[in-house]
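Novice: Below is a structure I'd like to ask you about.
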Amino acid sequence: MKISSLLVRPPVRARHVKRTYVSSLDDRPGAPTREVVLLALEAARRALDVDLAPISRRIPAGPRWPDLWPGEHYRLLAALVDRLQPRLVVEVGTFTGLSALALKHRLPDSGRVVSFDLIPWDRVPGTVLTAEDFQDGRLVQILGNLAQPDCFAQHAPLLAEATLIFLDGPKDGHFEPALYRQLQALRRRTPAWVVWDDILDRHMLQFWRDIALPKLDLTSFGHWTGTGLMLWPATP
């Protein structure tokens, strides 16, 4: 088969196919440390027993995405929260709210999830969120673009406090690198764990590879379009 044919017709049959590439690991920056591997293994084990059926039942029709694992990341996100017991989780990209609810599912009583987006949750078609989800203060939405320096500066103390950050931005080739540059300049007293979504998306491939911090591709235990786990060290 000619290469031009492969570019037009996917080489596999599936419900959804995305073009991506695989690259060598021996020469990549940011090799995983023992700490990163151990957290990944522990989270994958805990994800086996996570039950997100109450969240899935909010979906009116179609696939129950939070129940699908591996292949979707919702149970893995809940498992990471279960393992880390963070007092603060920051999410970038609220959208329909499935990931926010998954992050909140195993949150300690004293914890909270702060979710950033450009659109209010109640204006998103197909949202599974309700006003009751925000009443106890353990889930908060903030409107703003963290890739913009003024917005980032306003919320820098919040980001510096977070133990777990889930980044599900637009993957447009601009947002993630801009946000990452600002995160690198932010001083932290304690380490944080960062989960990047869609690292196999063609706009994310070079960005993910170039990250020189300890990291691990968790796609087989997360989202089929790519899940990356990164350790963001404390600032010396």
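Novice: Kindly provide the set of residues from the range 123-161 that are within 23 Å of residue 81 (Cβ to Cβ) and in contact with a Pro (Cβ under 8 Å, 6 or more places away or on another chain), ordered by number.
Specialist: 141
Novice: Take the range 98-113 and flag every residue that is of a type outside the set (Ser, Thr, Tyr) and over 14 Å from residue 168 (Cβ atoms).
Specialist: Those that are of a type outside the set (Ser, Thr, Tyr) and over 14 Å from residue 168 (Cβ atoms): 104, 105, 106, 107, 108, 109, 111, 112.
Novice: I'd like the residue in the range 162-193 that is in a loop (DSSP other than H, G, I, E, B) and hydroxyl-bearing (Ser, Thr, Tyr) and, out of all such residues, is nearest to residue 222 (Cα to Cα).
Specialist: The first filter runs over the range 162-193 and keeps only residues in a loop (DSSP other than H, G, I, E, B), leaving 162-163, 168-174, 186-191.
Pick out the ones that are also hydroxyl-bearing (Ser, Thr, Tyr) and you get 163, 190.
Details: 163: 19, 190: 25 Å.
So the residue we want is 163.
Novice: OK, next. Among the residues of the range 146-161, what is the count of those that are part of a loop (DSSP other than H, G, I, E, B) and surrounded by fewer than 17 Cβ atoms within 10 Å (Cβ to Cβ)?
Specialist: So the answer is 1.
Novice: Name, by its number, the condition in (1) crowded, with 19+ Cβ neighbours inside 10 Å; (2) in contact (Cβ under 8 Å) with a residue 60 or more places away in the chain; (3) within 19 Å of residue 71 (Cβ to Cβ); (4) small (Gly, Ala, Ser) that does not hold for residue 220.
Specialist: Tallying (1) crowded, with 19+ Cβ neighbours inside 10 Å; (2) in contact (Cβ under 8 Å) with a residue 60 or more places away in the chain; (3) within 19 Å of residue 71 (Cβ to Cβ); (4) small (Gly, Ala, Ser), residue 220 fails exactly one: (1).
Novice: Can residue 77 be described as within 13 Å of the chain's Cα centre (by Cα), of a type in the set (A, V, I, L, M) and within 22 Å of residue 157 (Cα to Cα)?
Specialist: Here the answer is no, as residue 77 does not meet what is asked.
To keep it simple, each residue is scored yes or no on (1) over 20 Å from residue 98 (Cα atoms); (2) more than 17 Å from the chain's Cα centre (by Cα); (3) not acidic (Asp, Glu).
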position	(1), (2), (3)
123	no, yes, yes
129	no, yes, yes
132	no, yes, no
138	no, yes, yes
146	yes, no, yes
165	no, no, yes
173	yes, no, yes
186	yes, yes, yes
199	no, no, yes
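Novice: From the list 143, 164, which one is aliphatic (A, V, I, L, M) and either more than 26 Å from residue 47 (Cα to Cα) or surrounded by fewer than 18 Cβ atoms within 10 Å (Cβ to Cβ) (or both)? Please lay out each step first, then the result.
Specialist: Values: 164 fails: either more than 26 Å from residue 47 (Cα to Cα) or surrounded by fewer than 18 Cβ atoms within 10 Å (Cβ to Cβ) (or both).
Only one candidate qualifies: 143.
Novice: If you don't mind, another one. Which numbered condition in (1) within 18 Å of residue 72 (Cα to Cα); (2) surrounded by fewer than 16 Cβ atoms within 10 Å (Cβ to Cβ); (3) of a type in the set (Val, Ile, Thr) is the only one that residue 235 fails?
Specialist: The single condition residue 235 does not satisfy is (1).
Novice: To continue, here is another question. Check residue 27 against each of (1) surrounded by 10 or more Cβ atoms within 10 Å (Cβ to Cβ); (2) under 24 Å from residue 211 (Cβ atoms) and name the one condition it does not meet.
Specialist: Here residue 27 clears every test but (1).
Novice: Here's something else I'd like to know. Which of the residues belonging to the range 186-208 are over 28 Å from residue 85 (Cβ atoms) and surrounded by fewer than 20 Cβ atoms within 10 Å (Cβ to Cβ)?
Specialist: 201, 202, 203, 205, 206, 207
Novice: Name every residue in the range 166-180 that is aliphatic (A, V, I, L, M) and over 16 Å from residue 205 (Cβ atoms), in order of residue number.
Specialist: Within the range 166-180, 178, 179 qualify.
Novice: So in the range 47-101, with the set limited to residues that are surrounded by fewer than 23 Cβ atoms within 10 Å (Cβ to Cβ) and of a type in the set (Asp, Glu), which one is farthest from residue 146 (Cα to Cα)?
Specialist: Looking at the filtered set, the residue picked out is 49.
Novice: If a residue has to be in contact with a Ser or Thr (Cβ under 8 Å, 6 or more places away or on another chain) and either over 18 Å from residue 80 (Cβ atoms) or in a helix (DSSP H, G or I) (or both) to count, how many in the range 104-118 make the cut? Please lay out each step first, then the result.
Specialist: Within the range 104-118, the first condition is being in contact with a Ser or Thr (Cβ under 8 Å, 6 or more places away or on another chain), and the residues that meet it are 115-117.
Imposing the further condition that a residue be either over 18 Å from residue 80 (Cβ atoms) or in a helix (DSSP H, G or I) (or both) reduces the set to 116-117.
Residues meeting the conditions: 2.
Novice: What are the pairs with Cβ atoms under 7 angstrom where one residue, in the range 65-81, is on the phi > 0 side of the Ramachandran plot and the other, located anywhere, is surrounded by 23 or more Cβ atoms within 10 Å (Cβ to Cβ) and of a type in the set (Phe, Trp, Tyr)? Sequence gap at least six, or different chains.
Specialist: So the pair list comes out empty.
Read the figures in this text as sums done on the coordinates, not as results from a lab. These numbers were taken from a predicted model, which means no experiment stands behind them. With ideal geometry, Cβ positions are generated from the backbone for all residues, glycine too; neighbour counts draw on all protein chains shown.
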